[in-house]
Amino acid sequence: MERWKGKVAIVTGASAGIGAAISEQLVNSGLKVVGLARRKEKLDNLAKTLHGKSGKFYGIKADICNEEDILKAFNWAKENLGPIHILINNAGLGRPTSLIEGDTSDFKKVLDTNVLGLTICTREAVKDMRNNKIDGHIIHVNSVAGHYVPQVPNMNIYPASKYAVTALTETLRYELNFIGCRIKTTSISPGLVDTDIFLANGYLVDNQTVELLKMMPKLQSKDVADAVLYILGTPPHVQITELTIRPVGELP
């Protein structure tokens, strides 16, 4: 991680859970971390807890569904901190509905966040890395649901969005190879993580779902952050294209 010290990393969905844990690990490793999220008060609280660490955290209010927000945040980072070296596409959400009866607005929100927002952030990061001749790293926080469809109620369009992330990671790797660019790209696919994503996205609406989640083994956000540091710590000639991590005992 020494080569990343003092460099700029952008983390989306940084206000809580996995994004906050990744931001903390990067700041502790000496990076200048720009955290993007909609909840500015949570970003400010995180900045306070990370004050005085080896690196520094900067919270920027941005909705990943809004391209203008993304462009403004990236421009702020470049103008105030320097070129981008690392992008962690962590922002993601689901909606507790079904393919059979769901609203188009819910489907669109998931795709705008999990697929289009990720793609726009990636484009902007790669453009800046290439303009500054930086062999950076793009990491997509994917999911095991990007490799198989879990038999869980109300998943609807979420697995499809994560399958898209799997394809986007590999497509980006091909595109970078075709132009002889040494920017790395990685998909990290966690199993169930103990965060507030289910509560925040309205999934905990019935006792059956609550009890099911209680019984299931879970990773902690720090486990995913540790995996991100492992990926970033590989030497320049090594590329981890896909890393799947699960809690022991997770099915299937």
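Every read-out reported here was derived from the displayed coordinates using simple, explicitly stated rules and does not represent laboratory data. This one's a predicted model, so the numbers in the text were calculated from it and none came from an experiment. Glycine gets a Cβ as well: all are built from the backbone with ideal geometry, and neighbour counts include every protein chain shown.
Summary table below
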{"read-out": "All positions within the range 93-118 that are within 19 Å of ASP196 (Cβ to Cβ), touching a Leu at 6+ places or on another chain (Cβ under 8 Å) and either of a type in the set (Gly, Ala, Ser) or buried (at least 19 other Cβ atoms within 10 Å of the Cβ) (or both)", "value": "VAL110, THR113, ASN114"}
{"read-out": "Count of residues meeting criterion [free of Cβ contacts under 8 Å to residues at least 24 places away in the same chain, part of a helix (DSSP H, G or I) and among the aliphatic types (A, V, I, L, M)] in the range 161-199", "value": "2"}
{"read-out": "Residue selected from the range 18-48 under the condition assigned to a helix (DSSP H, G or I), in contact with a strand residue (DSSP E or B) (Cβ under 7 Å, 6 or more places away or on another chain) and small (Gly, Ala, Ser), by the criterion farthest from HIS137 (Cα to Cα)", "value": "ALA47"}
{"read-out": "Filter result for the condition that a residue is within 15 Å of the chain's Cα centre (by Cα) and among the basic types (Lys, Arg), over LYS184, LYS162, LYS127", "value": "LYS162"}
